[in-house]
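*Asks:* Handing you a structure now.
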Amino acid sequence: EQWGYTDTNTFEAWDITTGSRDVVVAVVDNGFDTYHPDLFPNIWQNEDEIPDDGIDNDQNGYADDIYGWDFAGVDRNGNGFFEPEELVGDNDPRPDVSDGESNTKFDDAIHHATAVAGIIGAVGNNGLAGAGINWRVRLMNLRALEQSGRNDLEALTNAIRYAVDNGADIINISLVGDVQAELREVVKYAYDQGVAVVAAAGNTRTPLNITPLYPICADQGQDEQWVLGVSAINEAHYLASFSNIGSDCIDITAPGVNVNSALRYAPRHGLAELYGGEWKGTSFAAPFV
């Protein structure tokens, strides 16, 4: 069902390789479904941490971060505000689906990171749902966006730094914002540590040469290329009508219309589909790269 797999020669690539568990890809997004049956076998695990003992065993600043971290903050007392201790986040980066009304209100947000992760690394050749471009890989789950899709600069920069410091080889960032200095600094940090950053261009038809967005434009005007910026094309190989443009920031394009992938799976809360979506957006082009 994936025209993008045909057009990027993915099927031919599988005759050469289907991926590697030696590669760690951090998905900095709104949190994907750790326990999705087509993703869980490829989940990155922090092997230096002892599960559920409440101790930061590896002294990286995050206790019990076995499957990644939620940097977006957790409103544990439900008062609608983030207290200082709640801003630290917790060790469950999955988007919350316990509120059925929220599942409708933020439907795209609930599935967003899971779809991104599925394109990168849903298990292949297992007779279940879809296959990612990499059948084998390790996916690091880092949540930097709230349920609504709103992102916080500190959460985003902390997530990128965590990815670099905890062994990511590649960071996929399918989001854009308008804050510059801090994001430039942390993206340069990733580059200096040899970590590839792949970033979506955004979906507002914005000319990025004139109105830069970040992190895709973090290396604008630099002699070094810190980021691979990705725009989106449709099945006819034309630029997607929504895609941002600008050669200062965009380096490559990839399929970003009518893309299917893994979905947030929680049958008890009305989310009973493992795969689908027909997504469109540069968010879903970036993981092809």
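The values are calculated or read from the model by the stated rules, or taken from the named source; none is laboratory data. This one's a predicted model, so the numbers in the text were calculated from it and none came from an experiment. Note that we place each Cβ from the backbone using ideal geometry, even for glycine, and neighbour counts take in every protein chain shown. Side chains are part of the model used for accessible areas, which takes the heavy atoms of the whole protein and leaves out ligands, DNA and RNA. Shrake-Rupley method; radii C 1.70, N 1.55, O 1.52, S 1.80 Å.
*Asks:* In whole Hz, with x marking every Gly and Pro, tabulate ³J(HN,Hα) for the range 280-289 from phi via Karplus 6.51 cos²θ - 1.76 cosθ + 1.60, θ = phi - 60°.
*Replies:* 9, x, 5, 4, 9, 7, 4, x, 4, 6
*Asks:* In whole Hz, with x marking every Gly and Pro, tabulate ³J(HN,Hα) for the range 200-217 from phi via Karplus 6.51 cos²θ - 1.76 cosθ + 1.60, θ = phi - 60°.
*Replies:* Per-residue couplings from phi come out as 6, 7, x, 10, 10, 6, 8, x, 5, 4, 9, 10, x, 10, 10, x, 4, 9 Hz.
*Asks:* So who's got an amide H within less than 5 Å of the one on G61, skipping anything under 5 residues away but keeping other chains? H placed 1.01 Å off N, in plane.
*Replies:* Residues meeting the amide H criterion: none.
*Asks:* Still on this structure, I have one more. Could you compute how much accessible surface D58 exposes when probed at 1.4 Å, giving the result in Å² to the nearest 10?
*Replies:* Result for D58: roughly 40 Å² accessible.
*Asks:* Here is a further query. Ignoring ligands and nucleic acids, what accessible area does T211 show with a 1.4 Å probe (Å², nearest 10)?
*Replies:* 70 Å²
*Asks:* Only one of the listed values, (i) 53, 52, 32; (ii) 58, 52, 32; (iii) 50, 45, 38, was derived from the coordinates as Cα extents along the principal axes in Å; which label is it?
*Replies:* (iii)
*Asks:* I would also like to ask the following. Compare H36, H237, H269 by solvent-accessible area with a 1.4 Å probe and give them largest first, with all protein chains kept in place. Please report the intermediate quantities before stating the final value.
*Replies:* Details: H36 0, H237 110, H269 65 Å².
Sorted descending by solvent-accessible area, the residues read H237, H269, H36.
*Asks:* I need the phi-derived Karplus couplings for the range 156-166: 6.51 cos²θ - 1.76 cosθ + 1.60, θ = phi - 60°, integer Hz, Gly and Pro marked x.
*Replies:* Karplus values, whole Hz, x for Gly and Pro: 5, 5, 5, 5, 5, 5, 4, 4, 5, 6, 10.
*Asks:* To the nearest 20 debye, what is the magnitude of the charge dipole of the range 126-184 about its Cα centre, counting +1 on the Cβ of each Lys and Arg and -1 on the Cβ of each Asp and Glu? Before the final figure, lay out each step's value.
*Replies:* On the way: 6 positive and 7 negative charges, 59 e Å.
My answer is approximately 280 debye.
*Asks:* Given a 1.4 Å probe and the protein chains all in place, what does the accessible area of F71 round to, in Å² to the nearest 10?
*Replies:* F71 has an accessible surface of roughly 10 Å² with all protein chains in place.
*Asks:* Based solely on its DSSP helices, what 222 nm [θ] is calculated for the chain when runs of n ≥ 4 H residues each add -39,500 (n - 2.57) and the sum is averaged over all residues, nearest 500 deg cm²/dmol? Can you show the working numbers first?
*Replies:* Values: 7 runs with 59 residues, N = 289.
The helix contribution divided over the chain gives -5500 deg cm²/dmol.
*Asks:* Can you give me the C-alpha center-to-center distance between the range 215-249 and the range 119-178, rounded to a whole angstrom?
*Replies:* 19 Å
*Asks:* Of D108, D223, which has the most accessible area with a 1.4 Å probe, and how do the rest follow in descending order? Walk me through the numbers on the way to the answer.
*Replies:* Working: D108 95, D223 165 Å².
Sorted by accessible area, descending: D223, D108.
*Asks:* Along the charge dipole of the chain, Cβ charges K/R +1 and D/E -1, which of S174, N91, V230 sits furthest on the positive end?
*Replies:* Result: V230.
*Asks:* To continue, here is another question. How large a share of the accessible area of the range 200-255, in percent, is made up of carbon and sulfur atoms when the probe is 1.4 Å and the other protein chains stay in place?
*Replies:* Working: 1330 of 2660 Å².
On the range 200-255, the fraction of accessible area on carbon and sulfur atoms equals 50 percent.
*Asks:* Here's something else I'd like to know. So, R0 is 51 Å and r is the distance between the beta-carbons of D52 and Y238; what FRET efficiency does that work out to, to 0.05? Walk me through the intermediate numbers first.
*Replies:* On the way: r = 50 Å, r/R0 = 0.99.
Step by step, r from the Cβ atoms, then E = 0.50.
*Asks:* Right, another one. Kindly work out what percent of the DSSP beta bridges joining two residues of the chain are antiparallel, to the nearest 5.
*Replies:* Details: 8 of 35 bridges.
Bridges in the chain that DSSP calls antiparallel: roughly 25 percent.
*Asks:* Charges at C-beta only: +1 for Lys and Arg, -1 for Asp and Glu. How large is the resulting dipole of the chain about its Cα centre, in Debye rounded to 20? Intermediate values should be presented prior to the final figure.
*Replies:* Values: 15 positive and 46 negative charges, 199 e Å.
Approximately 960 debye in magnitude.
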